[in-house]
Structure formats: C-alpha cells, structure tokens
Amino acid sequence: MSEIHLKITGMTCEHCVRAVTKALESLPGVEHTDVTLEPGEAIVRGKAEISALIAAVKEEGYEAEVRG
C-alpha cells in the first residue's frame, strides 16, 4: 500500500473537505483518505492511480497536485 500526498486548492469549508473525501474514497484502490482544510492537503492510502485522484478532485471543482 502506498501513501500519496496531494496539495488541494480551492477548499474553503468542511463541506469542501467532505466532497473531496467522498470523491477520493469512491475510486478503486483507495483504502483511506485524510483530507484537511488547513493546510489544504489530502493523504491517500492505497493503490489508486495519481491521475485518477487528481481527476476526481478536479471533477468536484478543486485543484490538486502531488505534493513533493
């Protein structure tokens, strides 16, 4: 199982956090997510494709990139 750190921009409230969490957890291979409003981050555990994670976040109206 791997751990991917994403920087998420555009989230302004707990509703945003729940929307991003739900979107990420709906993807195949995602076992757990931890999304935080501050500092705008998602930690995803599992075997999902990075491109799918980013696309799911963008579909919800937010921006995502891999945090280095």
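Data overview
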| quantity | calculated |
| --- | --- |
| Degrees separating the helix 14-25 axis from the principal Cα axis of the chain, which is the longest one | 20 degrees |
| Cα gyration tensor shape of region 2-66, rounded if a/c is under 1.5, else prolate or oblate by comparing a/b with b/c | prolate |
| Karplus (6.51, -1.76, 1.60) ³J(HN,Hα), θ = phi - 60°, over region 30-38, in Hz, Gly and Pro reported as x | 7, 9, 7, 10, 10, 9, 10, 5, 10 |
| Mean accessible surface per residue for the chain, computed with a 1.4 Å probe while every protein chain stays in place, in Å² | 60 Å² |
| Between 0 and 90°, nearest 10: helix 50-59 axis offset from the chain longest Cα axis | 30 degrees |
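The values are calculated or read from the model by the stated rules, or taken from the named source; none is laboratory data. Worth saying up front: this structure is predicted, and the values here are computed from it rather than measured. Surface areas here come from the heavy atoms of the whole protein model, side chains and all, with no ligands, DNA or RNA. Shrake-Rupley method; radii C 1.70, N 1.55, O 1.52, S 1.80 Å.
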